[in-house]
Amino acid sequence: MREISIYIHIPFCLKKCKYCNFYSIEILNEKNYFDIFIDSLIKEIKIWFSKLNNLRIKSIYFGGGTPSIIHEKFYEKIFNEFNKFFDVSDVKEITIEANPETVEKLKFKELKKLGINRVSLGVQTFNDNFLYELGRVHNSKKIFEAMEILKSIYENINIDLIFGISGENLKILEDDLTKALYLEPKHISIYNLEFHKGTKLFDDLNIKKIYKWSEIKEKRGYLFIRNKLINNGFIHYEISNFSKDGFQSIHNLNYWLGGEYIGFGPSSYTFFKNTWYQNGNLHFYINSLDKNDLPFLKREILSNQKINKILFILNLRLLSGVDLNKYKDLDDKFYEKLNNLIKEGLIIKINNKIHLSIDGILVSNRIFSDLL
Ligand code: SF4
């Protein structure tokens, strides 16, 4: 039996955050599309699953965008469709991403009844000035209110945080971590703020309205976060992810361990049977499904060697590292690059197992693109 994960992209947000480079649309512009979008999504699920059999679904993840923006009646439709093809109650982990502004008790109770058992809350920071600077719609008061509601319904909650904000220092970062720990989530994801071309924050950086943390400050910040969370009982298991024992994200582990997944919704990605697919944007998506076509914008059949390289790199994100015995057929050039990274102290090799050093983690994006 084949084991896969499912990702569903809900591309709507209340407002575009200044740093965001995900595929998301402000609902002010697109709110008339909710019904049409869900009908297309149901169609996409039907087309995919009627072609497949003998599957076990490991995890389902509603990401975005802001999945918590849409009404629970839409989720009922989605789960009804899933239940025609597999038993949703057999799926171990079903996550929904939520923005604190959209957390309502009744809605989240209904979502729990449908089978959702994990919530990932987009907190980012508890500092109201920075929340405003990042263009978030919520304030810190909303975070505490949202967590109170969520904790009365769910055990498995993740908090997303960002560090490296212009004007932020280690004292403010410490305050964020203290407040996050006070809320007792089972999982914390913490990302270094990135400035992507095309975002407002990127423009602000270019005109020097804001600044980027120096590499030294980033390293201090990262070590500070790591120590604080480990000292508070969290396991550091992936570059940006920490969890309490037994609460590692099943869905994300499937990505990092190279498992297969099907992505539904506009702009989502699929990796299935050695093929990589990308769906088109909302309009392309709706139009394709209207014609009963799957909404692929791109499709690439990957060679075994390319799959091996990608899986190796994904594996390397995990602090547990990569077992070199599993990757015998990578080319000499790849091993040469790897050896250079070991000499530079960015990768540590013990017997036949390798993992990123702390310095390596801090430049991991460069390492991954080098190795590709
Ligand atoms: S809520 Fe998330 S997906 Fe939406 S704009 Fe902000 S960062 Fe992007």
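General remarks:
- Given (1) in contact with a Lys or Arg (Cβ under 8 Å, 6 or more places away or on another chain); (2) surrounded by fewer than 18 Cβ atoms within 10 Å (Cβ to Cβ); (3) not assigned by TED's automatic domain parsing to the domain that holds ILE347; (4) not β-branched (Val, Ile, Thr), index of the condition GLY321 fails: (3)
- Positions within the range 120-160 being within 25 Å of ILE250 (Cβ to Cβ), within 13 Å of the ligand (Cβ to nearest atom) and among the hydrophobic types (A, V, I, L, M, F, W, C), in sequence order: LEU121, VAL123
- Pairing residues of the range 259-276 that are acidic (Asp, Glu) with residues that are in a strand (DSSP E or B), at Cβ distances under 9 Å and at least 6 apart in sequence or on separate chains, gives GLU260/ARG2; GLU260/GLU3; GLU260/ILE4; GLU260/SER5; GLU260/THR270; GLU260/PHE271; GLU260/PHE272.
- Odd one out for PHE62 among (1) in a strand (DSSP E or B); (2) away from the ligand (no atom under 14 Å from the Cβ); (3) of a type in the set (Phe, Trp, Tyr): (2)
- The residues of the range 244-301 that are closer than 20 Å to SER24 by Cβ and charged (D, E, K, R) amount to a single one, LYS298.
- Counting only helices (runs of 4 or more DSSP H) that fall entirely inside the range 214-309 and contain at least 2 residues that are in contact with a Gly (Cβ under 7 Å, 6 or more places away or on another chain), the qualifying elements are 215-231.
- Cβ-Cβ contacts under 7 Å between residues 6 or more apart (or on different chains), taken from a first residue in the range 118-144 that is in contact (Cβ under 8 Å) with a residue 12 or more places away in the chain to a second residue that is within 16 Å of the ligand (Cβ to nearest atom) and among the aromatic types (Phe, Trp, Tyr), are listed as LEU134/TYR19.
- Enumeration of residues in the range 18-56 that are in contact with a Lys or Arg (Cβ under 6 Å, 6 or more places away or on another chain) and within 13 Å of the ligand (Cβ to nearest atom): LYS18, GLU26
- Any hit, the range 353-370, residues being over 21 Å from GLU194 (Cα atoms), assigned to a helix (DSSP H, G or I) and outside the structural domain of TRP213 (by TED's automatic domain parsing): no
- Condition broken by ILE8, with the remaining ones in (1) over 18 Å from PHE271 (Cβ atoms); (2) within 16 Å of the ligand (Cβ to nearest atom) satisfied: (1)
- Per the listing LYS328, LYS349, the residue uniquely outside any loop (DSSP other than H, G, I, E, B), more than 23 Å from the chain's Cα centre (by Cα), among the basic types (Lys, Arg) and more than 30 Å from ASP39 (Cβ to Cβ) is LYS349.
- Here SER24 fits the description: closer than 30 Å to LEU183 by Cα and small (Gly, Ala, Ser).
The values are calculated or read from the model by the stated rules, or taken from the named source; none is laboratory data. The model shown is predicted, which means the values in this text are computed figures rather than measured ones. Positions of Cβ are generated from backbone atoms using ideal geometry, with glycine treated the same way; all protein chains shown enter the neighbour counts.
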